[in-house]
Ligand code: GLP
């Protein structure tokens, strides 16, 4: 089933999204949370930080990471997650896994990440954003619907969209490690967060168009438990 909530703004999205995480904490002794980067989930993290919850027993897995950034780069998703999630929410850094984009052998790092995720018993609640081209994590159009964590090349659309976080486009990495669509589909509950008019078209395509690799986010239609929280602008096409 798919539940769609429309909220007026980022504050509404943050408050409602945080409530799903709070319910997870109440229901599970050892909750496993899937973390997303990008701007869409940020209000959820901000809101969670104000609730004063004890998140120290949460285990968390990130969706993706750039490959080949200089060590200690502030644009790496490991750094972003540390800054925006782990510290403000008081997660235990030892329980937070991000694919190792600095590994000598990134393909091996991708496999190791997938194994660690499997051994954890799987993600209970996976936060997700959607890219302008319908990507989920860094699964670009054309990604197999049953793919696992692997090394991928970033599309030029995505490099340009993410250039805003870098000094210039040339510094945006060309490769990444990303959870696969098959990996994401195994999470027990998917929570998609979408903001802004610019995402209205792709959100409509993902939820109501054909399920195929041209729009990776269309796999949401195959999942038994999906919640979408969209602001009014993003939901305007539905
Ligand atoms: C990046 C991330 C995705 C994210 C997407 C959308 O490419 N790898 O996981 O969903 O951007 O980001 P935003 O929420 O900023 O639009």
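The values are calculated or read from the model by the stated rules, or taken from the named source; none is laboratory data. This is a predicted model, so every value here is computed, not measured. Don't worry about glycine lacking a Cβ; one is built from the backbone with ideal geometry, like all the others, and counts go over all protein chains shown.
Is it the case that region 129-138 has a residue that's modelled with pLDDT of 95 or more, within 18 Å of the chain's Cα centre (by Cα) and over 18 Å from residue 40 (Cα atoms)? Taking every residue of region 129-138 in turn, none turns out to be modelled with pLDDT of 95 or more, within 18 Å of the chain's Cα centre (by Cα) and over 18 Å from residue 40 (Cα atoms). Residue 4 - would you say it is within 16 Å of the ligand (Cβ to nearest atom), at pLDDT 95 or above and part of a strand (DSSP E or B)? Judged against the criteria, residue 4 is not a match. Take the conditions modelled with pLDDT of 95 or more and within 21 Å of residue 180 (Cα to Cα) and apply them to residue 86. Does it pass? No; evaluated as a whole, the condition is false for this residue. With respect to (1) touching a helix residue (DSSP H, G or I) at 6+ places or on another chain (Cβ under 8 Å); (2) within 22 Å of residue 192 (Cβ to Cβ), the lone exception for residue 122 is condition (1). Within region 118-143, being within 16 Å of the ligand (Cβ to nearest atom) and farther than 21 Å from residue 163 by Cα holds for 123, 125, 126, 127, 142, 143. The residue list 59, 46 contains one member that is closer than 24 Å to residue 232 by Cβ and touching a helix residue (DSSP H, G or I) at 6+ places or on another chain (Cβ under 8 Å), which is 46. Entry remark, region 97-115: residues being in contact (Cβ under 8 Å) with a residue 40 or more places away in the chain, under 23 Å from residue 45 (Cβ atoms) and surrounded by fewer than 21 Cβ atoms within 10 Å (Cβ to Cβ) number 1 in total. Whether a residue is within 26 Å of residue 98 (Cα to Cα) and under 19 Å from the mean Cα position of the chain (by Cα) was assessed, and residue 229 passes this test. For beta carbons closer than 8 Å, sequence separation of 6+ or different chains, a first residue in region 76-94 that is closer than 25 Å to residue 171 by Cβ and without any contact (Cβ under 8 Å) to a residue 60 or more places away in the chain and a second that is assigned to a helix (DSSP H, G or I) and away from the ligand (no atom under 13 Å from the Cβ), the qualifying pairs are 82/93; 86/93. Only residues that are farther than 25 Å from residue 33 by Cα and more than 9 Å from the ligand (Cβ to nearest atom) were counted in region 144-163, giving 7.
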